[in-house]
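**Student:** Here you go, one structure.
The values are calculated or read from the model by the stated rules, or taken from the named source; none is laboratory data. Because the structure is predicted, anything quoted here is derived from the model rather than measured. Reconstructed Cβ throughout: ideal geometry from the backbone, glycine too, with neighbour counts over all protein chains shown. For the accessible areas, the whole protein counts, side chains as well, though only heavy atoms, and no ligand, DNA or RNA atoms are used. Shrake-Rupley method; radii C 1.70, N 1.55, O 1.52, S 1.80 Å.
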Amino acid sequence: MSAGGGGSTPVPRRSRALTRVGLALVVALLPLVTAVGEATADPAAAPAAHPQATTTGVDLVLTEVTPAVAGPEVPVTIAGTVRATGGAAAPRTVRVLRARTSLASRSEVDAWATATTTPTGTELGRTAIGSAAPTTPDAPAGPDTPVPFRITLTPESLRVSAAVGAVPIAVEVLGAGDARLGWVRTFVGWARSVDSPRLSLGLLVPLTVDPDAALAAGTDTRTAAWLTQLGPTSRLARLLGATANATVGYAVDPALVSATAAPATATGPTATGPVTGSTGEPTTLAAAREALAQTLTAAAASHPILALPRGDADLSGLLSLAAGGEATPPDVARAVAGLTRDLVVADGLSAHGIPVAGRLAWPADGPLTAEEERALRAAYGSDLPSILLAGSDAGAGRLTSPAPATTSAGTPVLRHDDRLDALFAAAGRPESGPLTTQEFVAQTAALYAERPSIARSFLAVAPAGFDPAPESLARFLGQASQLPWLQVVPMSSLLSARTGGGTDGLTGAENVTTPAGTSHAPSRAREPLATVGRGRELVDTFAEVLPATSTRLGTWSSQAELACGLRWRDTPARQSVLDLLAETTDALVGTLSIAPQTTNFLADEGLLQVTVVNDLDEPVTGVRVVLVPGNGRLRVIEPPAPVSVGAHSRAIVAVRMAAAAQGLVPVTAWLTTPLGLPVGAPQELSVRAAPPGAWLYVALGGLTGVVLLVGIVRALRRPRTRALGVELDPVLPTPEVQLEDPIDTP
């Protein structure tokens, strides 16, 4: 009983005991709850970054995880270095923890790799810094001195229940009193036996040029820029050398080996790419293109080559404009459709004898709409490409879509895995090490575990501008080829699986097309391409009357090809290319026109002469003059024949017309191509019609009659002359007097 109001009520012993038990359970379960929370966190929408070390005052670097996959009789050794920095506490111990969770899905692999919380789990081993034996007393490392460490993990400590899997582990650096100074999360693979079909993985590397506005500049600057892109010390040369011995395919931009062809006219398709040097390029650049073509021809035997659209065109933006819609003017949609057709059909690879395994369409913004897919099929015609699309992220409980698929319309598709893409790109960096490889091990093990009894094919694609360190890439590919559940296959294997409908029988149509009326291409991608489309409308018109060898059209095509390239989308240099393209197209406006004039038309029917002016540096042919009178006083009887006009010249065109009444007639005049496309700006002519009336004909007839009558009267009234009877002597010539003066001779 309490003795007063200010006292406290004693807590029963049973309640205090239950409280202590509850607190103990919370403390005991807290690491497990933390580990499970880390493993089941939702992955980011973007591809998970490979693990990075989280440290305070120390540098922790893993240099070796050997082998990458453990087994019942296969231990794993983890090695690295630790370095104290900035006067922080000296590291004393390195230990390895195994998380108290399994990796049952790819989302759980992502969660462990990207988590930033302190890892917890079961300790598998430890070693003192600078010593190979875990039992050696602590020996602190000196500041700024990398100290190596090595820990060997037994197979029993890494065992998992499944035949194939991955173990989430953390390597920690401890200071005095086991204070955590830093850690890094990674994985160790596990394989007991692999009896079912292995995963097939294709690797694709794009070969495109880098964004450089100098590629569209003046002749000398442009040549130097192209030589930088294609020369023996270029990024492309390093990339081909780094992948020469790897099982990878190449996605090649045809513009690398063939100069830009002039745009298509309405009378025929664009040339598929002239022979190197035929467009007047300097010999050095032609030789560089030919050398690259020979390299690709030799590489095609072991590296299947897929042809990209010319200039690595931004198909997402082009197709969304070509598909039309309320936001796209019809003339722009028509022009962009023609431009898209030229870029996707032109194949300068085959023209150089390079074997092409197929064509590749590579939209940048995910799935296509049904309208965009129809625009793509219309552009390619019967030679359908493989649409390269990013595969959807597989979350918990979802299966990853394999690479081969088809759309509901029957268009072949190759889906690349965004997680594997990121790891493939990271593996080529010089700083890449075991962290990238071990996450790749975990990701592919999780892929295998999704459907271990079915053979499936996947694809990893390197990013544009891929510039790998040869040693790093070779090490990664070598270890990837040794995974017991994975085989790296040529791209031709995925192409054959695609044509066969997919190795797992899934079409994947629901992952490819999206509802009508939407577009994945952002406005920042469409707006510059719409500008190019308007320029295309103008240039297509002039292409009908200019010669096929026109340098002006070749310049425009080169600049338009660059402006349409996907690599320009997020670079400041794109505006420079657009400015150059605008200058080229603006220079065409007003160069072919009809001279203004004021004329009196003094006949019922006659010829009206019109002057055609050509201010271009090149001749034009097949130009037609069209006249449209502004009222009924004047009409065109017969259209004139086509005319040719030399460079910086004029030509007179006679148009047969008829006048019906007197008065001023404004006549709108313009020029057209042979197929009727307007070219140049319209001109308004001022014509004063003054046809003679009926009174003039009556007066002239009367005047003629009067003149005739007067002549007759005068003839009748003229007196007759009588003949004279005198005969006149004929006039005889008078002889000349002969000169008789002697002629003096010397």
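**Student:** Those residues that are open to solvent by 10 Å² or more (accessible area, probe 1.4 Å), of a type in the set (A, V, I, L, M, F, W, C), within 29 Å of Arg235 (Cα to Cα) and over 22 Å from the mean Cα position of the chain (by Cα), I need them from region 408-439; list them, please.
**Tutor:** Leu435
**Student:** Kindly provide the set of residues from region 652-679 that are touching a Gly at 6+ places or on another chain (Cβ under 8 Å), part of a strand (DSSP E or B), farther than 18 Å from Leu588 by Cα and open to solvent by 40 Å² or more (accessible area, probe 1.4 Å), ordered by number.
**Tutor:** Arg656, Pro666, Thr668, listed by residue number.
**Student:** Okay, moving on. Can you name the condition, by its number, that Ala261 falls short on among (1) at pLDDT 90 or above; (2) on the phi < 0 side of the Ramachandran plot?
**Tutor:** It is condition (1) that Ala261 fails.
**Student:** For Gly317, indicate whether it is farther than 30 Å from Pro490 by Cα, surrounded by fewer than 17 Cβ atoms within 10 Å (Cβ to Cβ) and within 23 Å of the chain's Cα centre (by Cα).
**Tutor:** When the stated conditions are applied, Gly317 does not pass them.
**Student:** Let me ask another. Please enumerate the residues belonging to region 448-470 that are part of a helix (DSSP H, G or I) and either closer than 28 Å to Asp312 by Cα or of a type in the set (A, V, I, L, M) (or both).
**Tutor:** Across region 448-470, the qualifying residues are Ala449, Pro470.
**Student:** Another one. Provide a single number: the residues in region 523-579 that are assigned to a helix (DSSP H, G or I), in contact with a Pro (Cβ under 9 Å, 6 or more places away or on another chain) and hydroxyl-bearing (Ser, Thr, Tyr).
**Tutor:** Matching residues across region 523-579 total 2.
**Student:** Of all the residues that make up region 167-202, how many are in a strand (DSSP E or B) and open to solvent by less than 10 Å² (accessible area, probe 1.4 Å)?
**Tutor:** Qualifying residue count, region 167-202: 19.
**Student:** With respect to the numbered conditions (1) in contact with a Pro (Cβ under 9 Å, 6 or more places away or on another chain); (2) at pLDDT 90 or above, which one is the sole condition not fulfilled by Gly395?
**Tutor:** Evaluating Gly395 over (1) in contact with a Pro (Cβ under 9 Å, 6 or more places away or on another chain); (2) at pLDDT 90 or above leaves (2) as the failure.
**Student:** For region 596-632, which positions are assigned to a loop (DSSP other than H, G, I, E, B) and either over 25 Å from Ala647 (Cα atoms) or of a type in the set (A, V, I, L, M, F, W, C) (or both)?
**Tutor:** If the condition is that a residue be assigned to a loop (DSSP other than H, G, I, E, B) and either over 25 Å from Ala647 (Cα atoms) or of a type in the set (A, V, I, L, M, F, W, C) (or both), then Leu602, Ala603, Asp604, Leu616, Gly630, Asn631, Gly632 are the ones that fit.
**Student:** Give the residues of region 72-98 that are open to solvent by less than 20 Å² (accessible area, probe 1.4 Å) and either at pLDDT below 95 or farther than 12 Å from Leu158 by Cβ (or both), sorted by residue number.
**Tutor:** Ala79, Gly80, Val82, Ala84, Pro91, Thr93, Val94, Leu97
**Student:** Shifting gears a bit: Consider Gly517 against the criteria (1) at pLDDT 55 or above; (2) crowded, with 16+ Cβ neighbours inside 10 Å: it satisfies all of them except one. Which criterion is unmet?
**Tutor:** Of (1) at pLDDT 55 or above; (2) crowded, with 16+ Cβ neighbours inside 10 Å, only one is false for Gly517: (2).
**Student:** Quick check: is even one residue across region 439-447 in contact with a Lys or Arg (Cβ under 8 Å, 6 or more places away or on another chain), assigned to a strand (DSSP E or B) and closer than 21 Å to Ala163 by Cα?
**Tutor:** The answer is no, given that none of the residues of region 439-447 is in contact with a Lys or Arg (Cβ under 8 Å, 6 or more places away or on another chain), assigned to a strand (DSSP E or B) and closer than 21 Å to Ala163 by Cα.
**Student:** Now, a different point. Exactly one of these conditions fails for Ser200: (1) of a type outside the set (D, E, K, R); (2) over 30 Å from Pro155 (Cβ atoms); (3) in contact with a strand residue (DSSP E or B) (Cβ under 8 Å, 6 or more places away or on another chain). Give me its number.
**Tutor:** (2)
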